[in-house]
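Q: To start, I am sharing the structure in question, which I have written as structure tokens.
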Amino acid sequence: CALPICVTDDNGATDTGTDSTTQDEGQPGDTQQDAHVPRGKLTVIPYLIDFGFVPLGGKSTVPFTVRNDGDAALRLDKFTTTGPASIKLDVGFEPQTSGMKTTYMVDPPKNLKPGATFDGKVIFEPTESTEAYSEVRVFTSDSDYPDGYLVHAMGNKTKPDVDLKPTAMDFGAAVVGSPLSRTL
């Protein structure tokens with residue numbers, strides 16, 4: 001058989017694969033065809049926030065955007081943070097704190113039309129010199145994220161590295177009232 005596809009049955013007949021029947025693809029009533037259901041689709045930008053180093057008593061603010069990338073309305077229900085109180089949100093709703101978790105209820109819930117956005121801020125005000133990490137979650141009607149859309153927020157993971165040279169100084173004998181100086 002010289003054709004690309006040849007099949008010989010038990011009776012010796014050859015099928016060349018050029019059967020004139022066609023498969024039924026995508027015909028009305030076909031149960032294999034997926035029907036598109038319009039829905040809201042959540043995107044949060046950025047999904048990773050690194051404040052870098054912020055000294056004690058300092059403050060750093062990073063804006064974030066909740067966007068509906070779907071083709072139907074998206075209901076925005078609440079925001080949560082789980083972590084130290086030094087990382088908090090500015091979303092226009094009162095926080096309710098319980099232990100390490102803070103909840104910001106969107107009351108009443110907001111409906112974001114397709115392409116619409118909601119803007120907020122994540123704020124880091126360190127109260128300790130240790131590193132801080134918080135899980136920020138955005139809860140909406142998007143069924144892809146039943147536990148909320150996770151955003152990571154961290155600060156002071158690295159600290160400035162300062163080397164002093166020389167490591168020690170000896171001023172020797174000094175006369176009271178006469179300033180001495182050395183280069184550090």
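Q: Kindly indicate which of F53, F124 is open to solvent by 40 Å² or more (accessible area, probe 1.4 Å) and aromatic (F, W, Y).
A: On the way: F124 fails: open to solvent by 40 Å² or more (accessible area, probe 1.4 Å).
Residue meeting the stated conditions: F53.
Residue-wise test of (1) hydroxyl-bearing (S, T, Y); (2) modelled with pLDDT of 95 or more; (3) open to solvent by 90 Å² or more (accessible area, probe 1.4 Å).
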| position | (1), (2), (3) |
| --- | --- |
| T103 | yes, yes, no |
| D107 | no, no, yes |
| N111 | no, yes, yes |
| T117 | yes, yes, no |
| T158 | yes, no, yes |
| K165 | no, no, yes |
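Q: So which residues in the stretch 146-158 are more than 12 Å from L76 (Cα to Cα) and either outside any loop (DSSP other than H, G, I, E, B) or in contact (Cβ under 8 Å) with a residue 24 or more places away in the chain (or both)?
A: Within the stretch 146-158, the first condition is being more than 12 Å from L76 (Cα to Cα), and the residues that meet it are 146-147, 150-158.
Across the stretch 146-158, the qualifying residues are L150, V151, H152, A153, M154, G155, N156, K157, T158.
The values are calculated or read from the model by the stated rules, or taken from the named source; none is laboratory data. Note that the coordinates shown come from a computational prediction; the quantities given were computed from them, not determined experimentally. Reconstructed Cβ throughout: ideal geometry from the backbone, glycine too, with neighbour counts over all protein chains shown. Keep in mind that these areas ignore ligands, DNA and RNA; they rest on the heavy atoms of the full protein, side chains included. Shrake-Rupley method; radii C 1.70, N 1.55, O 1.52, S 1.80 Å.
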